[in-house]
1. If you scan segment 86-108, which residues turn out to be more than 14 Å from the chain's Cα centre (by Cα) and modelled with pLDDT of 75 or more?
2. Give the residues of segment 32-60 that are among the hydrophobic types (A, V, I, L, M, F, W, C), closer than 30 Å to Asp113 by Cβ and either assigned to a helix (DSSP H, G or I) or not assigned by TED's automatic domain parsing to the domain that holds Gly77 (or both), sorted by residue number.
3. Among the candidates Leu152, Leu138, which residue alone is modelled with pLDDT of 80 or more, of a type outside the set (Gly, Ala, Ser) and outside any helix (DSSP H, G or I)?
4. Name the pairs: first residue in segment 12-31 and outside the structural domain of Tyr44 (by TED's automatic domain parsing), second residue assigned to a helix (DSSP H, G or I), Cβ to Cβ under 9 Å, at least 6 apart or on different chains?
5. From the set of residues in segment 89-135 that are outside any helix (DSSP H, G or I) and hydroxyl-bearing (Ser, Thr, Tyr), which is surrounded by the most Cβ atoms within 10 Å (Cβ to Cβ)?
Amino acid sequence: MMTLQSLIPLTIIIIVFLIGKKSIRLLVQRIGRERSIASNRIQYVNAVLLFFWSVMAFIAVGIFVGIGYKDLGVFFGSIFAVIGVALFAQWSILSNVTASIIVFFFFPYRVGDNVKILDGENSVEGVINEISLFHVILMDVDGLTITYPNALVFQKAVKIQSQPEKNSAR
């Protein structure tokens, strides 16, 4: 049975979770506005970060209410094993999602920029139409759509020719 004293740490965990959740949402929205990022991209970056924040809160509450480290380890180990088997053939999905989050916060190119992704004989060039959860979607000079995985864009050199109106404002 929980006493008032044992409810205080649980309440603190919940308050920290709610404040952190709000802070994550505000940070992602602010960065999205500053960089003129599409709202759907802001939403999925927000969803991924809030998912991980929720998992951390779940672990903290579980430890507080007495679920042992071993029990949590078995639970999360089982979940990750199932996810790992499900994604085994598509391991790059996770790396593309991770790269998408990194690209959101740290990369200098935006939708509308003309870029060339330098990849030897496989280099691609075009205007960025969208940066999705898994791909950067380009339109080349012939009007063809090119998708390039985020994980590879993250690893390759990228030449950026910003939008003309951006250049005049700089």
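The values are calculated or read from the model by the stated rules, or taken from the named source; none is laboratory data. The shown structure was predicted, so the numbers you read here are calculated from the model rather than taken from an experiment. No Cβ is skipped: glycine too gets one built from the backbone with ideal geometry, and neighbour counts run over all protein chains shown.
1. Pro108
2. Narrowing segment 32-60 to residues among the hydrophobic types (A, V, I, L, M, F, W, C): 37-38, 42, 45, 47-53, 55-60.
Now narrow it down to the ones that are closer than 30 Å to Asp113 by Cβ: 37-38, 42, 45, 47-52.
Hits for segment 32-60 are Ile42, Val45, Ala47, Val48, Leu49, Leu50, Phe51, Phe52.
3. Numbers: Leu152 fails: outside any helix (DSSP H, G or I).
None of the others qualify; the one that does is Leu138.
4. Qualifying pairs under 9 Å: none.
5. If we filter segment 89-135 for residues that are outside any helix (DSSP H, G or I), which is where we start, we get 91, 107-119, 123-135.
From what is left, the residues that are hydroxyl-bearing (Ser, Thr, Tyr) are 109, 123, 132.
Numbers: Tyr109: 20, Ser123: 12, Ser132: 16.
Filtering first and then ranking leaves Tyr109.
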